Amino acid sequence: MLKITNLDSFYGESHVLQGIDLNVEAGEVVTLIGRNGAGKTTTLKSIIGDIPRRTGSIVFNNAEIINATSEQICKMGVGLVPDDRGIFSTLSVYENLTIGRPVGPQAWPLSRVYELFPVLKDRNAQKASSLSGGEQQMLAIARPLYMGSTFLLLDEPSEGLAPVIIDAIGSAIQQIKAAGLTVLLVEQNLPFATEVADRHYLLENGRIVREMSNSEVATEEESLLAHLGV
Ligand SMILES: Nc1ncnc2c1ncn2[C@@H]1O[C@H](COP(=O)(O)OP(=O)(O)O)[C@@H](O)[C@H]1O
Ligand SMILES: [Mg+2]
């Protein structure tokens, strides 16, 4: 579904990603792990086209998108949930959810979004600022489903959330996978990553240094955590 080959990304003179190769098959959940500054967010932004300069190849559903605009890439079904969640705090939950127009037959009707996250239905008229961190994360994930994304890019969805809420986000990701969607997520929380994902890429200084299975991540958790500095 997504195949990245020899991706280099730049902010001005700063050469951040240096020859990334990675692939995600349809229906998979794959994580990118790596310490702060490794280039995880930059990888997601490069896929969605939100980066000043990128070279190499990014093929999504058999189409080359390395030169496509963010708008074109979103319309093809890629949805980014940014690390800051991108919620408009003065708008209601409903307004935040429906701010993007549904595109294509894959768009989830509101009823289905509310089935996945019932709390959003209960609070749909409230201002988004009244939501807890976990509820805001749910709202941020709900938005691309409503818009019809089939490939989700999630940037540290568990960050800053209490364990019970992290479990709820994990269960939502499993339900999204069961619905046939594909997910690439950035994670530092290794137990969460192995719970939800099929496999993992370890990113170091803008390069993929290893591909890891769940059992490898679990076995090497201690040294990985030391490496990540979390
Ligand atoms: N807008 C930007 N302009 C210049 N440099 C940036 C920008 N965003 C990130 N960087 C740099 O790119 C590198 C990778 O950052 P990032 O992808 O955010 O890492 P991660 O998400 O793994 O913590 C870091 O060295 C960071 O300082
Ligand atoms: Mg980041």
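The values are calculated or read from the model by the stated rules, or taken from the named source; none is laboratory data. Predicted model, so just to flag it, every value in this text is computed and none were measured. Cβ placement follows ideal geometry from the backbone for every residue including glycine, while neighbour counts extend to all protein chains displayed. Accessible surface is based on the protein model in full, side chains and every heavy atom, while ligands, DNA and RNA are left aside. Shrake-Rupley method; radii C 1.70, N 1.55, O 1.52, S 1.80 Å.
List the lysines whose Cα sits under 25 Å from the Cα of LYS177, skipping any in the same chain fewer than 8 residues away.
Once the sequence-local lysines are set aside, what remains near LYS177 is LYS3, LYS40, LYS45, LYS75, LYS121.
Over the alpha carbons of the stretch 2-228, what is the largest minus smallest coordinate on each principal axis, giving the biggest first in Å?
Rounded to whole Å, the extents work out to 45, 40, 31 Å.
Return one whole number: the accessible area per residue of the stretch 2-228 in Å², for a 1.4 Å probe.
I get 45 Å² per residue for this part.
Given the protein chains as shown and a 1.4 Å probe, how many square angstrom of LYS177 are accessible, to the nearest 10?
Per-residue accessible area (LYS177): approximately 70 Å².
Which FRET efficiency value, to the nearest 0.05, is calculated for ALA63 and ARG112 with the Förster distance at 35 angstrom and r the Cβ-Cβ distance?
It comes to 0.85.
Leaving out ligands, DNA and RNA, what percent of the accessible area of the chain is carbon and sulfur, probe 1.4 Å?
Heavy-atom surface of the chain belonging to carbon and sulfur, 1.4 Å probe: 48 percent.
Ranked from the most accessible area to the least, with a 1.4 Å probe and all protein chains present, what is the order of SER213, SER92?
Result of the area sort, largest leading: SER213, SER92.
Modelling each spin label as a point 7 Å along the Cα-to-Cβ direction, I'd like the ARG210/ARG35 distance in nm, to one decimal.
1.4 nm
From Cα pairs below 8 angstrom and at least 6 apart in sequence, can you work out the relative contact order of the chain, rounded to a whole percent?
27 percent
By how many nm would the segment from GLU25 to LYS3 lengthen if fully extended, with 0.36 nm per residue of separation less the alpha-carbon distance?
Result for the pair: 7.1 nm of gain on full extension.
Suppose accessible area is computed on protein heavy atoms with a 1.4 Å probe; arrange GLU159, GLU115, GLU221 from highest to lowest.
Reading off the accessible areas and sorting them downward yields GLU115, GLU159, GLU221.
Can you send over the solvent-accessible area of ASP167, 1.4 Å probe, protein chains only, in Å² to the nearest 10?
Here the residue's solvent-accessible area equals roughly 110 Å².
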